[in-house]
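In what follows, a single structure is set out as structure tokens and then discussed.
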Amino acid sequence: ALLHIALEALPEVELNGNGPVQVGDVVLAIGNPLGVGQTVSMGIVSATGRSHLGIATFENFIQTDAAINRGNSGGALIDTRGHLIGINTAILSADGSWQGIGFATPASIAKEVMNDLIEHGRVIRGYLGVTVQDMTPSLADTFGMEEVRGGVVTEVVVDSPAHKGGLQPGDVLVGIDGDVMADGYEAMNRIAGMKPDDNVTLEVIRNRQPLSVDVVIGTRPPAD
């Protein structure tokens, strides 16, 4: 949801600062943990671009060891100059308590979501229309690949952008616009971040031969 509050004479927080977020940057997590009141905790950026967590369909989190507990979700993750770099989102824990692994949605993604909500009323994501299975060593051997990378296309939706572009079940998606994809998850995240009507070249392996497939990205259908 997007909330608009008509207030004046309030300072504005700047997004991201002068450069990209880097591992080792000192950060502060602001929130209301466990209902005790506004609280600030300090830590560092432990990693960026975290995915494969099972928290959301599309994942690209900032990992931090700044303490995040229940009540911190939705709070700001800022750098030492007060720039907003992320929105506190979740923790990874065996028992639900803080164990030093917290995740924040990057401020750049939060801004994109905000702009989509303002303009369209929902988040607009790129759509290819395929189901992709991550590559495994045994699958790579089956497809005659020397490296374990990319993902196997297991399903192509009829009349989807992938179908219209000529992608077929059994194709191995290994690259997008010249960039190597580590796995199918990375490829789908990359597609989701594209805009509808973007032209993209998919590098695939079909029948053990490299092939380029040109596709026009569509709009991901709204969730039911």
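The values are calculated or read from the model by the stated rules, or taken from the named source; none is laboratory data. No experiment lies behind these values; they were computed from the predicted model shown. Glycine also receives a Cβ, built like all others from the backbone with ideal geometry; neighbour counts cover every protein chain displayed. These area figures cover heavy atoms from the full protein model, side chains too; ligands, DNA and RNA do not enter into them. Shrake-Rupley method; radii C 1.70, N 1.55, O 1.52, S 1.80 Å.
Of the residues that sit in the stretch 1-34 and are under 17 Å from Ile91 (Cα atoms) and without any contact (Cβ under 8 Å) to a residue 60 or more places away in the chain, which one is farthest from the chain's Cα centre (by Cα)? Break it down stepwise before answering.
In the first step, residues of the stretch 1-34 are kept if they are under 17 Å from Ile91 (Cα atoms); the result is 27-34.
Pick out the ones that are also without any contact (Cβ under 8 Å) to a residue 60 or more places away in the chain and you get 27-28, 30-34.
Details: Val27: 20, Leu28: 22, Ile30: 22, Gly31: 23, Asn32: 26, Pro33: 25, Leu34: 28 Å.
Here the answer is Leu34.
Check Tyr185 against each of (1) in contact (Cβ under 8 Å) with a residue 40 or more places away in the chain; (2) in contact with a helix residue (DSSP H, G or I) (Cβ under 7 Å, 6 or more places away or on another chain) and name the one condition it does not meet.
Going through the list (1) in contact (Cβ under 8 Å) with a residue 40 or more places away in the chain; (2) in contact with a helix residue (DSSP H, G or I) (Cβ under 7 Å, 6 or more places away or on another chain), Tyr185 breaks only (2).
Take Leu202 and decide whether it is touching a Gly at 6+ places or on another chain (Cβ under 9 Å), surrounded by 12 or more Cβ atoms within 10 Å (Cβ to Cβ) and not in a loop (DSSP other than H, G, I, E, B). Walk me through how you get there before you give the answer.
Working: touching a Gly at 6+ places or on another chain (Cβ under 9 Å): yes; surrounded by 12 or more Cβ atoms within 10 Å (Cβ to Cβ): yes; not in a loop (DSSP other than H, G, I, E, B): yes.
Against the criterion (touching a Gly at 6+ places or on another chain (Cβ under 9 Å), surrounded by 12 or more Cβ atoms within 10 Å (Cβ to Cβ) and not in a loop (DSSP other than H, G, I, E, B)), Leu202 qualifies.
From the set of residues in the stretch 178-192 that are in contact with a Lys or Arg (Cβ under 9 Å, 6 or more places away or on another chain) and of a type outside the set (Val, Ile, Thr), which is surrounded by the fewest Cβ atoms within 10 Å (Cβ to Cβ)?
Of the stretch 178-192, the ones in contact with a Lys or Arg (Cβ under 9 Å, 6 or more places away or on another chain) are 179-183, 191-192.
Next, only the ones that are of a type outside the set (Val, Ile, Thr) stay: 179, 181-183, 192.
Working: Asp179: 10, Met181: 22, Ala182: 16, Asp183: 20, Ala192: 18.
Of everything passing the filter in the stretch 178-192, Asp179 is surrounded by the fewest Cβ atoms within 10 Å (Cβ to Cβ).
Tally time: how many residues in the stretch 122-158 are over 17 Å from Gly193 (Cβ atoms), open to solvent by 30 Å² or more (accessible area, probe 1.4 Å) and in contact (Cβ under 8 Å) with a residue 12 or more places away in the chain? Full working, then the answer.
If we filter the stretch 122-158 for residues that are over 17 Å from Gly193 (Cβ atoms), which is where we start, we get 131, 133-150, 152-158.
Filter once more, keeping what is open to solvent by 30 Å² or more (accessible area, probe 1.4 Å): 131, 133-134, 136-139, 141-144, 146-149, 154-155, 157-158.
Okay, now just the ones that are also in contact (Cβ under 8 Å) with a residue 12 or more places away in the chain, so 131, 133-134, 136, 139, 143-144, 148-149, 154-155, 157.
Of the residues in the stretch 122-158, 12 are over 17 Å from Gly193 (Cβ atoms), open to solvent by 30 Å² or more (accessible area, probe 1.4 Å) and in contact (Cβ under 8 Å) with a residue 12 or more places away in the chain.
For residues that are under 12 Å from Thr64 (Cβ atoms) and hydrophobic (A, V, I, L, M, F, W, C), scanning just the stretch 1-29, find the one that is modelled with the lowest pLDDT.
Of everything passing the filter in the stretch 1-29, Val21 is modelled with the lowest pLDDT.
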